[in-house]
Amino acid sequence: MSDNITASAQRPAWWRHGVIYQLYVRSFADANGDGIGDLNGIAARLDHIAGLGVDGVWLNPCYPSPNRDGGYDVADYTVIDERYGGMPAFEALRDAAHARGLKLLMDLVPNHCSSQHAWFRRAVAAGPGSDERARFIFRDGRGPGGSQPPNNWRSTFGGPAWTRLTAPDGEPEQWYLHSFDASQPDFNWANPQVADMFDEVLRTWFDRGVDGFRIDVAYAMVKHPDLPDLDDPAGDNPYLWNQPGVHEIFRRWRALADGYGRELALVGEVWLPPAEAADYIRPGELHQVFNFDLLQQSFDAREFRTSITDCVDALKHAEGVPAWTLNSHDVHRAVTRYGLTDPEPLNTADANALRTRARGAVDVQLGIKRARAALLLMLALPGAAYLYQGEELGLPEVQDLPDDARQDPIWERSGGTEHGRDGSRVPLPWRADAPNFGFTLATQNEADHATAPTTTPPWLPQPAWFADYCVDRQDADPESVLAFYRRALGERRHLDPDAPLVWLEIQREDAIAFRRGQYVCATVFDGPPIDAPAEWGQAVISSGTPGGTTTTTWYRADS
Ligand code: GLC
Ligand code: CA
């Protein structure tokens, strides 16, 4: 066997180290001018994504949906919504992505569907005690006339986790469980029909060539069978999250995926401390699990080091890898999190939101500097990495959306006390001088864009200050955040995916450094520049001034 063959046979699967670009479909690019992003828009701008140097994309849900929760209320799991271009647009995007060597991941939402899903409509119609209702979690109410919810659980979005149905004759009837919005009834995973249905969904999309799934709230599907009351309804809900039985589902899906003989990937959304999250990537379970611990830390050397250590240590019994991330459609953008100078108190029922969606005054330049440093640090970690569209532009969170434009159900369900997640979902700015900042592709020939007639406004309004962040301006500037992302992702290609992380003791409280193979990654969070020892080699890329304050630098010793 030649060395070449040996080397390629040992090449780790793409998902062990790949970088995935998360596409919030409604907000990336709008090809047909209705103000809503779509798959043809993505296909038209695929060069932007491929040009970053990522390995694949993950599409947020783009299935038919009443869109009460950004498409996480799925009415049909098996097709693409016409608003996003339907199946022809999906096929074209899949082929265009694969032609550029990009993997395509879809979003799977197995904990709940939309109240408009055929199964839930049938369940409502069929009445109490029916087989149709047994696919969901229906219960009689408590108290006189069943007027109280079956237990005291709270929805993640605020308010009770139960909603009562009204019969056609106006009589109140049973209650159904929804961990999120009332338009998102939870499935009953104790019913084998539910598992069978999702097997079919997985097969449908694998057969169509997708390369994997991001699995929504992957730790919620199995509930404690007794649905017990909580001692503290405002606290954590151990009867809903991380029930041991949920792992059975992932073993089943892993076996199904392995049956394809392609390199497919299943990545779980699991908001748990690293040690518990690691259980989801034990042998025979998921390939990746998001590490959300890191993005909940302040920009602080000790917090980052502890979080990374916890995650890396937790992997001892794992076979899969952590999926590192600093941004998503659910949290405030990193620039804003790291640049907050004066956070306002936040009123939320969701503990995970506390550290990720604080509002207040922001020092944007500081936020950008820190976000660049954090990104370069994250890209040095072992495992996969996920980027969220717009972070490559250094976009801050849009905190100043008009209240009447807000769409996130959190805003309404919290009684207007929590602003929710719309501020990271504002349509991207592409061209400073074009209508809708080029989010809407006015013609096939984008060069005509500047002269195109006014188009439908985007589904969330773009602030005027987006002009400064447009892709066209950053393209021309070697110092831009966009140029930095391209360089960083390019350099990451030379990292040995299998090299372990080894901490270097540099005797500083305000800086950290670790080795990965030939590279050393050092971050100065605060304090004086770092004095890099000669054995680290040359600085090869830096988020700012090599070795400087609030900067990450990679050094490489060429042996
Ligand atoms: C996940 C999604 C979030 C959604 C929720 C309910 O956390 O990322 O956007 O609202 O699940 O589906
Ligand atoms: Ca559109």
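Please rank Ser424, Ser298, Ser183, fewest neighbouring Cβ atoms within 10 Å first, as an exposure proxy.
The most exposed by this proxy come first: Ser298, Ser183, Ser424.
Between Pro429, Thr549, Thr309, whose Cα lies farthest towards the positive end of the dipole of the chain when Lys and Arg beta carbons carry +1 and Asp and Glu beta carbons carry -1, centred on the Cα centre?
So the residue we want is Thr309.
Please list, in order along segment 546-552, the HN-Hα scalar couplings obtained from phi with the Karplus expression 6.51 cos²θ - 1.76 cosθ + 1.60 (θ = phi - 60°), rounded to whole Hz, x for Gly and Pro.
x, x, x, 5, 6, 9, 9
If the only charges are +1 at each Lys and Arg Cβ and -1 at each Asp and Glu Cβ, what is the size of the charge dipole of segment 248-338 around the Cα centre, to the nearest 20 debye?
Numbers: 10 positive and 14 negative charges, 34 e Å.
So the dipole magnitude of segment 248-338 works out to roughly 160 debye.
Amide H neighbours of Lys103 under 5 Å, counting only residues 5+ apart in sequence or on other chains, H built in-plane at 1.01 Å?
Answer set, sorted by chain and number: Gly56, Val57.
To check you understand DSSP bridge types, tell me what percent of the beta bridges within the chain (both residues inside) are antiparallel, rounded to 5.
Values: 33 of 62 bridges.
Beta bridges within the chain, antiparallel portion: roughly 55 percent.
Which order do peptides 535-543, 71-79 fall in by mean Cβ count within 10 Å, highest first?
Those peptides, ordered most packed to least, come out 71-79, 535-543.
Using the number of other C-beta atoms within 10 angstrom as an exposure proxy, rank Lys316, Lys103, Lys223 with the fewest first.
Listed from fewest to most nearby Cβ atoms, that is Lys316, Lys103, Lys223.
Using the count of nearby Cβ atoms within 10 Å as a rough guide to exposure, how do Asp510, Asp229 rank from fewest to most?
Asp229, Asp510
Under 5 Å between amide H atoms, partner at least 5 residues away or on a different chain: which partners does Glu173 have, H built in plane at 1.01 Å?
Distant-sequence amide H within range of Glu173: Leu165, Thr166, Ala167.
In nanometres, what is the gap between the two model label sites at Tyr260 and Ala167, each 7 Å from Cα along Cα-to-Cβ?
My value for the distance between the label points is 4.6 nm.
Which of the listed residues, Gly158, Gly129, Ser147, is farthest toward the dipole's positive end in segment 118-177, when Lys, Arg count +1 and Asp, Glu count -1 at the beta-carbon?
Gly158
Sort the following peptides by mean Cβ neighbour count (other Cβ atoms within 10 Å, averaged over residues), highest first: 371-383, 121-133, 170-182.
Values: 371-383: 24.2, 121-133: 15.2, 170-182: 19.5.
For the peptides 371-383, 121-133, 170-182, the packing ranking is 371-383, 170-182, 121-133.
Show the residues, 5+ positions off or on another chain, whose built amide H is closer than 5 Å to the amide H of Gly33.
Correct list: Leu441.
Students often check this: by mean Cβ neighbours within 10 Å, which of 469-477, 213-221, 281-289 ranks highest, and how do the rest follow? Can you show the working numbers first?
Details: 469-477: 16.8, 213-221: 24.4, 281-289: 22.6.
In decreasing order of mean packing, 469-477, 213-221, 281-289 become 213-221, 281-289, 469-477.
So what are the ³J(HN,Hα) numbers for segment 282-298, from phi and the Karplus equation (6.51, -1.76, 1.60; θ = phi - 60°), rounded to whole Hz, Gly and Pro as x?
Each residue's phi maps through the Karplus curve to give 5, x, x, 10, 6, 7, 9, 9, 4, 9, 8, 5, 4, 6, 8, 8, 6 Hz.
Report the full-extension gain for the segment Gln507 to Ala190: residue separation times 0.36 nm, less the Cα-Cα distance, to one decimal in nm.
Full extension of this stretch gives 108.8 nm more.
In sequence order, what are the phi-derived ³J(HN,Hα) couplings for segment 302-318 according to the Karplus relation 6.51 cos²θ - 1.76 cosθ + 1.60 with θ = phi - 60°, rounded to whole Hz, with x for glycine and proline?
5, 4, 5, 5, 4, 4, 5, 4, 4, 5, 5, 5, 5, 7, 4, 9, 8
Readers should treat all values here as calculations from the given coordinates under stated rules, not as data from a laboratory. Remember, it's a predicted structure, so these values are computed and weren't measured experimentally. A quick note on method: Cβ atoms are made from the backbone with ideal geometry, for glycine too, and the neighbour counts reach across all protein chains shown.
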